[in-house]
Amino acid sequence: MNIKELVKAAHYLYSSGLVLGSAGNISIRLSMGEIAITPTGVPLSLVTEENVAIVGMDGSRLLGGDPSSELYLHLGIYKVRKDIKSIVHTHSPYATAFAFSDKRLKGLEGFNGVEEDSMVEVAYHKPGSLELARECAEKIKEGKILILKNHGVVCCGSNLREAIQLAEFIEQSAKTQFLAYILTKI
Ligand SMILES: [Zn+2]
């Protein structure tokens, strides 16, 4: 994985409608000591190789633009799970609607290797806070998908493609469950 692929993925994610405005962020692990993460305040459609931020594991800024406000959430996960090489965070509408409700997303049948226990709920903490980063680092030990209460979704993969596919799949799954729920009410 390289920065070019990260830029391409950022544009793809924006055009897919899973993120809007300057919400959402993506990162990749470049080495055990460095990550590349999308910049803060920039819509994913406008991410370039120049404004992607290269950051050390201690949060030190090495190159590029200002890192996403969720930098420490990403770093915390990479520190705990060495197998994770990419992280995608979205506020995709259907999955996030579940996160705002008391309804629980059910199992994700149909996606290789993803079971219901891959989804872990994270209690609400202010977006961008160290408290949120800390809790995500703790919960990621239990599964690759975090449902952030009243906030959004974090999907992690052993590569960029897997993280993006998970983000797409969880949104599709949430949409289907939402529609099924409505249909049973008609
Ligand atoms: Zn967010």
Looking across region 69-108 at residues that are farther than 26 Å from residue 11 by Cβ and not in a loop (DSSP other than H, G, I, E, B), the single one that is nearest to the chain's Cα centre (by Cα) is 76
Restricted to region 69-86 and to residues being within 12 Å of the ligand (Cβ to nearest atom) and touching a residue at least 60 places away in the same chain (Cβ under 8 Å), the residue surrounded by the fewest Cβ atoms within 10 Å (Cβ to Cβ) is 70
All-but-one check, residue 172 against (1) farther than 13 Å from residue 92 by Cβ; (2) modelled with pLDDT under 95; (3) not acidic (Asp, Glu), failing number (1)
When every residue in region 3-31 that is assigned to a loop (DSSP other than H, G, I, E, B), among the aliphatic types (A, V, I, L, M) and more than 16 Å from residue 166 (Cα to Cα) is compared, the one farthest from the ligand (Cβ to nearest atom) is 20
Flagged in region 136-145 as more than 9 Å from the chain's Cα centre (by Cα) and free of Cβ contacts under 8 Å to residues at least 60 places away in the same chain, in numbering order, are 138, 139, 142, 143
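Anything in region 160-186 that is more than 17 Å from residue 107 (Cα to Cα) and touching a helix residue (DSSP H, G or I) at 6+ places or on another chain (Cβ under 9 Å)? List them, or say none.
160, 161, 163, 164, listed by residue number.
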Conditions (1) touching a residue at least 24 places away in the same chain (Cβ under 8 Å); (2) in contact with a Pro (Cβ under 8 Å, 6 or more places away or on another chain); (3) among the hydrophobic types (A, V, I, L, M, F, W, C) -> residue 55 fails only (1)
The residue that is farthest from residue 23 (Cα to Cα), considering only those in region 151-186 that are within 16 Å of the ligand (Cβ to nearest atom) and not hydrophobic (A, V, I, L, M, F, W, C), is 171
Inset, instruction - State yes or no: is residue 92 within 15 Å of the ligand (Cβ to nearest atom), touching a Leu at 6+ places or on another chain (Cβ under 6 Å) and within 30 Å of residue 177 (Cβ to Cβ)? - result: yes
The residue that is surrounded by the fewest Cβ atoms within 10 Å (Cβ to Cβ), considering only those in region 127-150 that are over 15 Å from residue 72 (Cβ atoms) and either within 15 Å of the ligand (Cβ to nearest atom) or not small (Gly, Ala, Ser) (or both), is 141
Flagged pairs (Cβ under 7 angstrom, 6 or more apart or on separate chains; first in region 146-166, without any contact (Cβ under 8 Å) to a residue 40 or more places away in the chain; second assigned to a strand (DSSP E or B) and surrounded by fewer than 24 Cβ atoms within 10 Å (Cβ to Cβ)) are 146/120; 146/122
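The values are calculated or read from the model by the stated rules, or taken from the named source; none is laboratory data. Being a predicted model, the structure only gives us computed values, none of them experimental. Because the Cβ atoms are built from the backbone with ideal geometry, glycine has one as well, and the counts that use them run over all protein chains shown.
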